[in-house]
Amino acid sequence: MVVYVCVIGDLEDDMDSFTRYSRKIRMTLIKAVTFICFICLIYIPKETTSDNVEEGGYFMVTLNGQVLGAMNSEAEANEALIVARGRISAEAGEIVYMNPNLIVSKEQQSFGKRLSVDEMAEEMYDVLQGSQLVFNKQDAFTVRINDYTVTLKSKDEIARLIEGVKEKYDVDNEFQVRITGNADAASSDFGVEIVKADVGSSGASKVVNVVNGDVVIEANADTIFEDGTLAMVFSETISVTPTSVNSSQISDVQTALEEITKETEEKTIYVVEPGDTLSQIASKYGLTTATLCELNEGLSADGIIGVGDRIVVTVPTPELSVKVFEEMTYEESYDAEVQYIDDDTMYQNQSVVVQAGSEGYREVVAVVQYENNAEVSRDIIKEVLLVESVPKIVRRGTMTPPTYIKPIAGGYLTSAFGARWGTNHNGVDWGVPIGTSVRASSAGVVIRAGWFSGYGICVDIQHPNGTMTRYGHLSRALVSVGQTVSQNQEVARSGNTGQSTGPHLHFEIRIGGTPVNPLPYLQ
């Protein structure tokens, strides 16, 4: 018993020692974890705890190529940039232009120092200080030509710019550039125009007005006609506006002149393909046939084009186009207008020349309009007949020509027009049951109604335009010779009489006594 008790006592002592050791280990682990967390808080601090933190990492900010640090969100980076730019403008006391290149990239790391908006704004301020453009106010003038703009120092430079454009078209220096005030007193805008240097009440045809680029000419019995340039105007609207800009934004006259006179597109060439016509090509590029011919020297509306021919369909145009109006005197041949005499005994597609015409000759004074040196219109304002043209006189029909309809409903084509069995088949055959209603293809007078050789029972109808229709192999004629019938009136019943291979209707159209293929004539 003593031995047994001693053993139990030793075991209980061992268990107490083990329990105390386990508790010691747990306390050591707890202290280690606590120490690690403390170290993290000290050596990996988080400066801000903004509610804007986005899950999955932070945002690295780079400005003008310099990496500045991390932030909680892209929105905070943009806010910092606004603060930095505002500070620079406030310190400068004037408008400051900057072109910052801000890049905000998302990083996937969970820990890292994040700068506040104020701290990042301070970093950005230092970077932007070296890239700012201070606005030095300088009075200037902005010239607008449709969507194109250029800024020059003075009205004198504007005048020199327009003079440079004008010189290309005004070789005799007859015109001068004038800057005009806007009619609206509340507006500070100006306009630009080109005027004749020695405008007078006599001389060449008087220019009355220029409205929307159109020159109005007044010519009367007292007008003295003299060849020369009448007017020059711009195709585009030009406006001049006073402004204040940075000196770097002001252009020099020569550079501006090169920009507004350079051609903005290259000439476009179309290569003719099989089936092309001039009108189709013109329509494809939004042109008229006349304009297409003007773009291509030697090309005419009735000319012949071949596959592979190269045709100009568009030409280069400058930013500023100039219209020039020239007065010209020259002699030309002309044809008087054709005179027509209506004749109600003839059809609309018929005509007869009663009198042949002849060419005449005249001296004309014309106003020719050019745009960028290409002629766009020609208006005759005076003419003197040298040899009068004899008009061509034509008698033309007014009656509506007859039409033809298929003489039966349904049926199927069993024999076409043309060669058949060693001979010529003068019409077409439709297979139909005996007794099918046969109707007049066109209005006319019955000239045959009865048996006719191999046609069997046959009906022939003469029409007012001289044509004749024939209906063969009938079972019965329902009209008589001399009877007038209207189009679509029933005239017979189909059958299988004469030289026939089966129930069908034989149909012919004869023009001038000669049979023609009837199918193209049927409506």
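The values are calculated or read from the model by the stated rules, or taken from the named source; none is laboratory data. Note that the coordinates shown come from a computational prediction; the quantities given were computed from them, not determined experimentally. Here the Cβ positions follow ideal geometry from the backbone for every residue, glycine too, while neighbour counts run over all protein chains shown. All accessible areas refer to the heavy atoms of the entire protein, side chains included, with ligands and DNA or RNA removed. Shrake-Rupley method; radii C 1.70, N 1.55, O 1.52, S 1.80 Å.
Within segment 394-423, which residues are within 30 Å of Gln339 (Cα to Cα), assigned to a strand (DSSP E or B) and not basic (Lys, Arg)?
Val394, Gly397, Thr398, Met399
Kindly provide the set of residues from segment 300-322 that are hydrophobic (A, V, I, L, M, F, W, C) and in a loop (DSSP other than H, G, I, E, B), ordered by number.
Ala301, Ile304, Ile305, Val307, Val315, Leu320
Looking at segment 340-351 only, could you name the residues that are open to solvent by 70 Å² or more (accessible area, probe 1.4 Å) and at pLDDT below 90?
Residues satisfying the conditions are Asp344, Thr345, Gln348, Asn349, Gln350, Ser351.
Strands (runs of 3 or more DSSP E) wholly in segment 424-523 with at least 2 residues that are of a type in the set (S, T, N, Q) and more than 13 Å from Pro407 (Cβ to Cβ) - which ones?
By residue number, 467-477.
Looking at Ile304, is it open to solvent by 60 Å² or more (accessible area, probe 1.4 Å), modelled with pLDDT under 85, more than 30 Å from Met98 (Cβ to Cβ) and β-branched (Val, Ile, Thr)?
Yes; evaluated as a whole, the condition is true for this residue.
Within segment 268-281, how many residues are free of Cβ contacts under 8 Å to residues at least 12 places away in the same chain and buried (at least 16 other Cβ atoms within 10 Å of the Cβ)?
Going through segment 268-281 one residue at a time, the tally reaches 0.
Which one is nearest to the chain's Cα centre (by Cα) among residues in segment 399-421 that are hydroxyl-bearing (Ser, Thr, Tyr) and surrounded by 12 or more Cβ atoms within 10 Å (Cβ to Cβ)?
Thr403
Can you say whether Asp309 is under 26 Å from the mean Cα position of the chain (by Cα), surrounded by 12 or more Cβ atoms within 10 Å (Cβ to Cβ) and charged (D, E, K, R), as far as the supplied structure shows?
yes
State which residue pairs qualify: first residue of a type in the set (Ser, Thr, Tyr) and inside segment 398-426, second residue assigned to a loop (DSSP other than H, G, I, E, B) and open to solvent by 80 Å² or more (accessible area, probe 1.4 Å) in any location, beta carbons under 7 Å apart, and separation of 6 or more residues or different chains.
Thr398/Gln348; Thr400/Gln348; Thr403/Gln523; Tyr404/Gln523
Mind listing whichever residues of segment 432-483 are of a type in the set (Phe, Trp, Tyr) and either open to solvent by less than 10 Å² (accessible area, probe 1.4 Å) or under 16 Å from Ile408 (Cα atoms) (or both)?
Tyr471
Here are the criteria: (1) charged (D, E, K, R); (2) modelled with pLDDT under 85; (3) out of contact with any helix residue (DSSP H, G or I) (no Cβ under 6 Å at 6 or more places or on another chain); (4) open to solvent by less than 70 Å² (accessible area, probe 1.4 Å). Tell me which single one Glu319 does not satisfy.
Condition not satisfied by Glu319: (3).
Test each condition in (1) loosely packed, with under 12 Cβ neighbours inside 10 Å; (2) of a type outside the set (Phe, Trp, Tyr); (3) at pLDDT 85 or above for Val61 and report the one that comes out false.
(1)
Is there a residue in segment 484-506 that is in contact (Cβ under 8 Å) with a residue 40 or more places away in the chain, of a type in the set (Lys, Arg), more than 17 Å from Val432 (Cβ to Cβ) and surrounded by fewer than 21 Cβ atoms within 10 Å (Cβ to Cβ)?
No; the residues of segment 484-506 include none that is in contact (Cβ under 8 Å) with a residue 40 or more places away in the chain, of a type in the set (Lys, Arg), more than 17 Å from Val432 (Cβ to Cβ) and surrounded by fewer than 21 Cβ atoms within 10 Å (Cβ to Cβ).
Considering Glu297, Glu337, Glu265, which residue is at pLDDT 85 or above, part of a loop (DSSP other than H, G, I, E, B) and open to solvent by 60 Å² or more (accessible area, probe 1.4 Å)?
Glu337
For (1) closer than 27 Å to Thr151 by Cα; (2) modelled with pLDDT under 60; (3) assigned to a loop (DSSP other than H, G, I, E, B), each residue gets a yes or a no:
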position	(1), (2), (3)
Lys168	yes, no, yes
Asp184	yes, yes, yes
Gly191	yes, no, no
Ala221	no, no, yes
Val233	yes, no, no
Gln254	yes, no, no
Glu259	yes, no, no
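Need pairs with beta-carbon distance below 9 Å; first residue at positive phi and within segment 165-177, second assigned to a loop (DSSP other than H, G, I, E, B); sequence gap 6+ or separate chains.
Asn173/Glu167; Asn173/Ala197
Could you give every pair whose Cβ atoms fall below 7 Å, whose first residue belongs to segment 369-384 and is open to solvent by less than 70 Å² (accessible area, probe 1.4 Å), and whose second residue is among the small types (Gly, Ala, Ser), counting only separations of at least 6 or pairs across chains?
Gln369/Ser377; Glu371/Ser235; Glu371/Ser321; Asn372/Ser321; Ile381/Ser205; Ile381/Ala219; Ile381/Ala366
Look through segment 235-252, keep the residues that are in a loop (DSSP other than H, G, I, E, B) and closer than 13 Å to Ser154 by Cα, and return whichever of them is most open to solvent (accessible area, probe 1.4 Å).
Out of the qualifying residues, it is Asp252.
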